[in-house]
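Below is one structure, written out as structure tokens; the observations come after it.
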Amino acid sequence: MTQLRAGSATDIGRVRTSNQDQLLVTAQLFAVADGMGGHAAGEVASLTAVEALRATYKAVGGTEGLVSAAQQANRSIWEQAQGNPEYHGMGTTLVAMALVNEDGEDRLAIVNVGDSRVYLLRDGELEQLTTDHSLVQELVDDGQLSELEATVHPQRHVLTRALGVDSEVSVDLLQLLPLKGDRLLLCSDGLVRELSDVQVASILRRLADPNDAAKELVSSAKSRGGNDNITVVVVDVLDDGDLPLAASGALESDPGIHIPSPLPPERGGESDAGGGSRATGRFGRLHHDPAPAVPKRRAITLRVVGFVVLLVALVGGAGYAVALYARGSFFVGLNNDQLTVYQGRPGGLLWFSPTVARQTQVRTGDVLPSRLSDLRTGKEEPSLGQALGYVSRLKAEKAQLAQATATPVPTTPVPTTVAVATTLPHP
Ligand code: MN
């Protein structure tokens, strides 16, 4: 029987006027949610998320129950936002972790939406388990931005996914076999904004009591700036139950488990290529130490369960596209000098809304200057496809003109005035 012990702490920080973070600590379910929205909306979103999560998980349980609970949390927030103009556009991040028993063994199931994080401290090494759903993370994944540049990027707080901003959401799911001595950290971005991984790891290693560690993390982040609400949950694995193995570290070091496990067949259809490739990278990082002796039974278990990361696609692509079309909420704007398709409305009320639907490789230099005014204001299109079509047309238009002016045939006059933008479509 796996035994856990948790500690937690939260603080408003030094700058914000309200604490929109929420945390949940029960015997087997843990969560952190970081709400966003004007007035009280952010608090409503994160509180709704945590309460819906708890209620749904209690009713269903298990890994599937955890994913359902995150989806239910999304729906609860979305529905409240639809029914109340004050809450329109509110949303929240969510990381949640549950101790589940499946196929006769204890596992930690973790779900993530947004940029709150889950870290694992194992054998003194800190690893980030979750991948942020943020614009800068996408740029880093794309190789357009280094990890260091990402930490100071002006749009580092722009999320590409959050709970409550749409009727459906994709939830990242991963599973971990807990080992005695593991320490898991769930936190809002207010922690990692102020403290480096090295500082976080140092505190987690130094303080054995999870409550002490949680309090020290929060007070340390606050004293180093406290620019945002800070929330942490620290969960220790006191006992991993089934196997009395002394050197647990060796368990994860079978070179065989570098190969990501095949997805359980019933979930294969839901997996996503993007999520899968990230899983591979993360898997590799987690299990990097080569070591000789590996207890066979456990190694096989790890190979089967491995460190499975599933991107749960909730709805078929077609249905999703139709739903988005019906909402008619895409627009083409500028992200620095790159044409970018956003979901939401130009000048959305919240910092995370609109979200980036597609970053194109087309730059302002590739389109006619006369189009820049529309782009700065945000050119609305009913679907992602049509928004991308608009981008292609702008590019073709400029290319055509360049061709036309290069040959000495008379062309129709084109406007060359550059309209001056008033505001950017997004902060
Ligand atoms: Mn935050």
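Values quoted throughout were computed directly from the atomic coordinates according to the rules given, and no laboratory measurement underlies them. Since this is a predicted model, take the numbers as computed values, not measurements. Here the Cβ is made from the backbone with ideal geometry for all residues, glycine too, and neighbour counts use every protein chain on show.
Taking amide H atoms as placed 1.01 Å from N in the peptide plane, the amide H of S134 lies under 5 Å from those of T160, each 5 or more residues away in sequence or on another chain. With K and R counted +1 and D and E -1, the other residues having a Cβ less than 10 Å from that of H157 yield a net charge of -1.
Subtracting the Cα-Cα distance of Q28 and N84 from 0.36 nm times their residue separation leaves 16.8 nm of extension gain.
Of the two radii for segment 1-106, the radius of gyration is 1.03 times the Kirkwood radius, both from the alpha carbons; that is the Rg over Rh value. Taking every C-alpha pair closer than 8 Å and separated by at least 6 residues, the mean separation divided by the residue count of segment 103-237 gives a relative contact order of 29 percent. Taking 7 Å steps out from each Cα toward its Cβ at A399 and S196 produces label points 4.6 nm apart. Applying D = kT/(6 pi eta Rh) to segment 1-43, where Rh is the Kirkwood radius over alpha-carbon pairs, T corresponds to 37 °C and eta to 0.692 mPa s, the Stokes-Einstein value obtained is 270 µm²/s. Between E127 and K58, the modelled labels are 3.4 nm apart [label points 7 Å from Cα along Cα→Cβ]. Counted by Cβ distance under 12 Å from A208, the other residues give a net charge of 0, where Lys and Arg count +1 and Asp and Glu count -1.
Report the semi-axes of the equivalent ellipsoid for segment 70-148 in whole Å, largest first, where each axis is √(5λ) for an eigenvalue λ of the Cα gyration tensor.
For segment 70-148, the ellipsoid semi-axes come out as 28, 23, 9 Å.
Between D141 and E168, the contour length at 0.36 nm per residue exceeds the alpha carbon distance by 7.3 nm. By a straight-distance test (C-alpha under 16 Å), which aspartates and glutamates pair with K180 as possible cross-link partners, with residues fewer than eight away in the same chain excluded? Partners within reach: E105, D106, D123, E125, D209, D236, D239, D240, D242, E252.
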